[in-house]
1. What's the number of the only condition in (1) modelled with pLDDT of 85 or more; (2) closer than 16 Å to LEU127 by Cβ that LYS61 fails to meet?
2. Considering only residues that are loosely packed, with under 12 Cβ neighbours inside 10 Å and charged (D, E, K, R), which ones fall in segment 66-103?
3. What strands (runs of 3 or more DSSP E) completely inside segment 14-61 contain at least 1 residues that are more than 10 Å from the chain's Cα centre (by Cα) and either buried (at least 20 other Cβ atoms within 10 Å of the Cβ) or among the charged types (D, E, K, R) (or both)?
4. If only one of SER68, SER82, SER86 is modelled with pLDDT of 90 or more and closer than 21 Å to GLY49 by Cα, which one is it?
5. Please find, within segment 95-123, the residue that is nearest to LYS136 (Cα to Cα) out of those that are polar (S, T, N, Q) and out of contact with any helix residue (DSSP H, G or I) (no Cβ under 8 Å at 6 or more places or on another chain).
6. Is at least one residue of segment 136-150 at positive phi, at pLDDT below 90 and surrounded by fewer than 16 Cβ atoms within 10 Å (Cβ to Cβ)?
Amino acid sequence: MAAKLKKSEFISKGLVAHNRRARFDYEVKEVFVAGLVLSGTEVKSLRLGHAQINDAFGVEKDGEIYISNMFIAEYANKGYESHLPSRDRKLLLTKKEIIKIINGINKKGATLVPIKLFFDEHGRAKLEVGLSVGKKLFDKRETIKQRDWDRQKARLYLK
């Protein structure tokens, strides 16, 4: 049997998962914040912080946007109800945003990448996704150089 958790260990608002490689591997053109269609055990598992979005990506099915390959671990105290850890989950977006994303995904080299998964101030699960284009190796090197230069500037100003 799983150990009983205190109420303070649950995430009621704030960051659940962050895809740190998204901005390094992709050039994010536009950012959207979308709600998620989740089952009860998925929400409980998210509140414990058991999610990974590093390998996830967005797909279009029948005029709607889904996030594929997002892992949400099974809830330990699930009882008879459970969910599949890596199923496709529907994103809740406006019609304008859906059209913009579908047009963006259909361009060559573009993809929909999750950036972060969080609970908003009302306690609802949200996913920040970015319409992105993959970076080339020289772009990644430029990003590393810029990051190092910013660190050096910060050190100089602190002295």
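The values are calculated or read from the model by the stated rules, or taken from the named source; none is laboratory data. Note that the structure is predicted; figures quoted are calculated from it, not measured. Because the Cβ atoms are built from the backbone with ideal geometry, glycine has one as well, and the counts that use them run over all protein chains shown.
1. Answer for LYS61: the failing condition is (2).
2. Residues satisfying the conditions are GLU81, LYS95, LYS96.
3. 26-36, 57-61
4. Within the list SER68, SER82, SER86, the selection yields SER68.
5. If we take residues in segment 95-123 being polar (S, T, N, Q) and out of contact with any helix residue (DSSP H, G or I) (no Cβ under 8 Å at 6 or more places or on another chain), then ASN106 is nearest to LYS136 (Cα to Cα).
6. No: zero hits.
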